[in-house]
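Quick notes on the structure that follows.
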Amino acid sequence: MSTLHTLGLSAVTRYTTPSKLVATAELFDDNDNLVESGAGKGPDSLIGALAESIEHFSTFQPLTGPPIRYRSDKIATQKAVKEDGIFTSLPHTENLIECFRLTSLNNNEELFAPCILLCPETTQNIHENSNSALRFLSRYSSNSGIAFGCTENEALLHGTHETIERHILSLFYMTVCGLGPAMKLYTPSTALLQIALKSHPAALTSANRLQVIIIKDVLSVYFAVAFPKAGPGAHHLSPIGSGCSLEIHTAIQRAVTEQFQSEDLYDAAEESIDRETFDLLSKSRHLKYLIDFAPLTRATLPIIDTPAHTDSLTAPEQLEKLQKNLSSKRMKIFRRMVARFSDNSIVTQIYIPGLERFNIIRNGRLVVPQHVLRG
């Protein structure tokens, strides 16, 4: 990959399973020091692993210039965040918080978003009296929405799908533990699952032990989530995978192969986090259902089959469709450039004000839904 050569890096990639549906990539500098790593899943798992390793490398580089410092009250009262409880919950003070500047897709609106909210590893100069705001933001911090692409539109599309995926996963969690309204849940037909997994024998065999659930009524996209029917087994929490796309087969494939990845690459660090998360969830009569999704592991759900054929859309066309879907809910896509290594090697990040981040609860952080934050 020319990007690695430009950065003076080399990569070591490997498949982690005989099925070749999960892979890892490690990036090394000229002195053979490990500088970053990533993982990928699906038929193009090696490419995905390289892409994620570059995303991680780009994300955790020092800022190229002095950060923008914006007043807490100004951040909380921006026009774009009126329906985003994370922003509106910030104290209306003159304390300065380091921010990234994002713009809408058509560049006609800007958004100043706290660095700590979009990049957990961002170094913060915590000013006197701003500790409480930064501690609050750190609970909701996530680098989701960061994506690599061979074009800017491709990177933006991947990031938008991931951001929407986390939103629908949050809604699903809220439904499971009775903190949100019921959702229409479906399961794929045998034929649909075979097409989504490209009739891959090992994938289909492994998928038989999973409960695969599809949601198709949120923001006009397809969302899928997969978790073991038998519960966590040797793990503290049931390993899950999720995926989102305008195309149903892609959503299913991403969810199922991500579930494989979450099991195959499970390590000591994740075990430690899961142990703490289990302790948190098990103490709540509502949240305990997020441990193993017991209400749904054996549920009989309506079957969904392959929809009628629709024409494939280009990356710009898909972005336009996603923004149209969001606009119907008075939401807007904002983006920032993380890194541009060349015209065919770009990393961007997406943030969509108002979308849920309740999915973070399963990382052991006590977060609440948007409607609670908004009061």
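The values are calculated or read from the model by the stated rules, or taken from the named source; none is laboratory data. In this text, all values refer to a predicted model and were calculated from it rather than measured experimentally. So basically every Cβ, Gly included, is an ideal-geometry build from the backbone, and we count neighbours across all protein chains shown. We work out accessible area using only protein heavy atoms, side chains counted, and drop any ligands, DNA or RNA first. Shrake-Rupley method; radii C 1.70, N 1.55, O 1.52, S 1.80 Å.
Return yes when residue 25 is in a helix (DSSP H, G or I), open to solvent by less than 10 Å² (accessible area, probe 1.4 Å) and in contact (Cβ under 8 Å) with a residue 12 or more places away in the chain and no when it is not.
The answer is no for residue 25.
Say we look at segment 339-361 and pick out the residues that are in a helix (DSSP H, G or I) and touching a Ser or Thr at 6+ places or on another chain (Cβ under 6 Å); which of these is nearest to residue 82 (Cα to Cα)?
It comes out as 358.
What residue, among those in segment 297-325 that are of a type in the set (Gly, Ala, Ser) and open to solvent by less than 70 Å² (accessible area, probe 1.4 Å), is farthest from residue 215 (Cα to Cα)?
The extreme case among them is 315.
Would it be correct to say that residue 38 is closer than 23 Å to residue 147 by Cβ, touching a residue at least 12 places away in the same chain (Cβ under 8 Å) and either in a strand (DSSP E or B) or over 24 Å from the mean Cα position of the chain (by Cα) (or both)?
yes
Rundown of residues vs (1) open to solvent by less than 20 Å² (accessible area, probe 1.4 Å); (2) basic (Lys, Arg); (3) in contact with an Asp or Glu (Cβ under 9 Å, 6 or more places away or on another chain), yes/no style:
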| residue | (1), (2), (3) |
| --- | --- |
| 282 | no, no, no |
| 364 | no, no, yes |
| 367 | yes, no, no |
| 374 | no, yes, yes |
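In this structure, is residue 288 part of a helix (DSSP H, G or I), out of contact with any helix residue (DSSP H, G or I) (no Cβ under 9 Å at 6 or more places or on another chain) and not aromatic (Phe, Trp, Tyr)?
When the stated conditions are applied, residue 288 does not pass them.
So is residue 328 assigned by the TED database to the domain that holds residue 211, small (Gly, Ala, Ser) and more than 30 Å from residue 210 (Cβ to Cβ) or not?
yes
What pairs can you find where one residue is in segment 346-366 and over 24 Å from residue 335 (Cβ atoms), the other is hydroxyl-bearing (Ser, Thr, Tyr) and in a helix (DSSP H, G or I), and their Cβ atoms are less than 6 Å apart, with a gap of 6+ or different chains?
That search, which allows pairs on different chains as well, returns 364/277.
Out of all the residues in segment 46-80, which are under 20 Å from residue 348 (Cβ atoms), in contact with a Leu (Cβ under 9 Å, 6 or more places away or on another chain) and aliphatic (A, V, I, L, M)?
50, 54, 80
Looking for whichever is closer than 21 Å to residue 259 by Cα and polar (S, T, N, Q) here; the options are 13, 77. Which one fits?
Answer to the selection: 13.
Out of all the residues in segment 46-102, which are assigned to a helix (DSSP H, G or I), over 30 Å from residue 17 (Cβ atoms) and acidic (Asp, Glu)?
Within segment 46-102, 73 is the sole residue that qualifies.
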